């Protein structure tokens, strides 16, 4: 499958938006891990803004950034959201409640525990009635989401917004699911290269295990390994450098996504 990236949104520790992060990922600026900074989700009405949990705010932030730099018509833009496990903070709170004698669960907690909660908030925030898909595939969630978004794009020949996000889990869940950092990325994918095109991707699914993908910067590599959505970092680094490159990303136990990246002017 061939698709084009028209815009990128990114939010992670020390990675505050694509303009700043591109220089880091290209190797022209140093990476300095810092506490995650997620602005309030001003796209949402006040009531929903108060209810939005960290994973929702993270997903909305990167989606908003990608749209702001693209000029896409959000009301008719299909979306694909992917996360390895949704909002760990909410799941911790629910499990803690269920361990108490009263077991009085908050309706807001239950609402935010649903895996497609960010997609619902996105529809409210943007007024979109376009189709949306929510996916989870454990550590392969980024690959599964990219494959789904690209398949929809090829079938419809229309742009698709793809958002991958993960949040760090609190203890004791962290002991069995050690996601060490919160991270999100949004890719606005298009069937043809537009004026703002950043890169072209040729995506195939093949048997095997990833043979490349480790990042040279040890701290960025730690981030890549610590959050499933951050498996995207080698791909983002190739885009930031303007490279022609081949990137392998974990898909299943027996398959991977092999992605040929090329600058738009080369035709991908």
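FYI, it's all coordinate maths here, none of it is from the lab. All of these numbers come straight from a predicted model, not from anything done at the bench. With ideal geometry, Cβ positions are generated from the backbone for all residues, glycine too; neighbour counts draw on all protein chains shown.
To the nearest 10 degrees, how steeply does helix 141-156 sit against the main Cα axis of the chain, on a 0 to 90 scale?
The answer is roughly 60 degrees.
Defining a contact as two alpha carbons under 8 Å apart and six or more residues distant in sequence, what relative contact order in percent does segment 153-268 show?
Relative contact order here is 28 percent.
Which of these, 94, 249, 179, has the largest mean-square fluctuation under a Gaussian network model of the chain (Cα springs below 10 Å)?
For the chain, modelled as a Gaussian network with Cα springs under 10 Å, the answer is 94.
Once you keep just the Cα pairs under 8 angstrom separated by 6 or more residues, what percentage relative contact order results for the chain?
Relative contact order here is 27 percent.
With angles folded into 0 to 90 degrees, how steeply does helix 54-68 sit against the dominant principal axis of the chain? Use alpha carbons for both and round to 10.
Result, in degrees: 30.
Using a basic spin-label model with each label point 7 Å from the Cα along Cα→Cβ, how many nm lie between residue 75 and residue 136?
Distance between the two pseudo-spin positions: 3.4 nm.
Where a ≥ b ≥ c are the square roots of the eigenvalues of the C-alpha gyration tensor, would you call segment 145-261 rounded, which needs a/c under 1.5, or, failing that, prolate if a/b is larger than b/c, or oblate?
Prolate, since a/c reaches 1.5 and a/b exceeds b/c.
Residue 110 to residue 92: extension gain in nm, 0.36 nm per residue of separation minus the Cα-Cα distance?
5.3 nm
Taking the Cα centre of each part, how many Å lie between segment 195-268 and segment 75-106?
29
Under a point spin-label approximation (7 Å from Cα along Cα-to-Cβ), what is the residue 19-residue 255 distance to one decimal in nm?
So the two model labels end up 4.0 nm from each other.
Could you list, bin by bin from short to long, the percent of Cα-Cα pairs of segment 7-198 in 10 Å steps?
Bin by bin from 0 Å, the calculated values are 9, 35, 36, 16, 3, 0.
Just 101, 46, 191 to compare: in a GNM of the chain, with alpha carbon springs under 10 Å, which one fluctuates most?
Looking only at 101, 46, 191, the largest GNM fluctuation is found for 101.
Would you mind checking the tilt of helix 88-98 against the longest principal axis of the Cα atoms of the chain, expressed as 0 to 90 degrees and rounded to 10?
Value to nearest ten degrees: 20.
Gaussian network model of the chain, Cα springs within a sub-10 Å range: biggest mean-square fluctuation belongs to which of 12, 88, 204?
Highest fluctuation of the listed residues: 204.
Which whole-number percent of Cα pairs in segment 18-101 have a distance greater than 18 Å?
Taking all Cα-Cα pairs of segment 18-101, the fraction more than 18 Å apart is 62 percent.
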